[in-house]
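The values are calculated or read from the model by the stated rules, or taken from the named source; none is laboratory data. It should be emphasised that the depicted structure is a prediction, and the values quoted were computed from it without experimental measurement. Glycine also receives a Cβ, built like all others from the backbone with ideal geometry; neighbour counts cover every protein chain displayed. What goes into the accessible areas is simple: the full protein's heavy atoms, side chains included, and nothing from ligands, DNA or RNA. Shrake-Rupley method; radii C 1.70, N 1.55, O 1.52, S 1.80 Å.
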Amino acid sequence: MDPRISRLRRKPAVIPFQPLRSHSFGEEQHEFCLGPRLTEARVAAFEAERDIVLPDAYRQFLTHIGGSGAAPFYGLMPLERCPLLVMNPCGEPGAPRGFGEAGPGAHERDLFLHIIEMGCTDVCVIAVTGPLTGRVLSGNSDGCWGPDVASATDFLDWYERWLDHMSAGRDNRALELTSPRLRAHPNRHRMAPGN
């Protein structure tokens, strides 16, 4: 088992009680509660049904920490609600790219699993095949913005960054965190973006 697991099991429970913590967009939806852990058999059945292998860090999160709930935005979606997506073809160089449902023949392309509910047509996905396997990306399914690849090397690092930034009262636009300092500032809409 990954040594980060025991640390990550404890952190979500203490965040709501820290007076100087950041606020996470959508936290009222999950209230920092995690859904039950998934069994190895359930994860293996999901993988077999979709003919994929989940990235190890994400798989360990599901089986050792929680199968849904507390996460950035509206939270981690239950595995059975996570659709497989493909990135839309390139348009003009540097133009945003959207995501679409993986249909027949999709396994010949890079696959992404939609794992975090962001709202509207925004998506937070984890790459399950291709050069970005294991990395978390956020974007818009219609291609209005992104996709942006998180700098975290895997899901556990990405998740822990969210918790640590929240605990430290930091702003983080990519994770939709608002610090107490920014929330109290009368011209918060004019302040420079956080890290």
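With all pairs of different alpha carbon atoms counted, what Kirkwood hydrodynamic radius in Å does segment 94-179 show?
Kirkwood radius, segment 94-179: 13.7 Å.
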*Sites matching trypsin sites (Lys or Arg not before Pro) across segment 75-136 that sit in DSSP coil, with at most 16 neighbouring C-beta atoms within 10 Å*: Arg97, Arg109
*What GluC sites (Glu not before Pro) in segment 5-94 are in a loop by DSSP, with at most 15 other Cβ atoms within 10 Å of the Cβ?*
Glu31
*Say each of Ala13 and Glu49 gets a label point 7 Å from the Cα, pointing the same way as Cα to Cβ; how far apart are those two points in nm?*
3.1
*Provide the per residue accessible area, probe 1.4 Å, for segment 28-174, rounded to a whole number of square angstrom.*
45
_For the chain, projected area of the alpha-carbon convex hull averaged over all directions, nm²_ = 11.7
_Alpha-carbon gyration tensor eigenvalues x 5, square-rooted, for segment 44-114, Å_ = 25, 17, 10
_Residue-averaged 222 nm ellipticity for the chain, from DSSP H runs of 4+ at -39500 (n - 2.57), nearest 500_ = -7500 deg cm²/dmol
*asked:* What does the net charge come to around Pro36 if you take all other residues with beta carbon closer than 14 Å to its beta carbon, with K and R at +1 and D and E at -1?
replied: +1
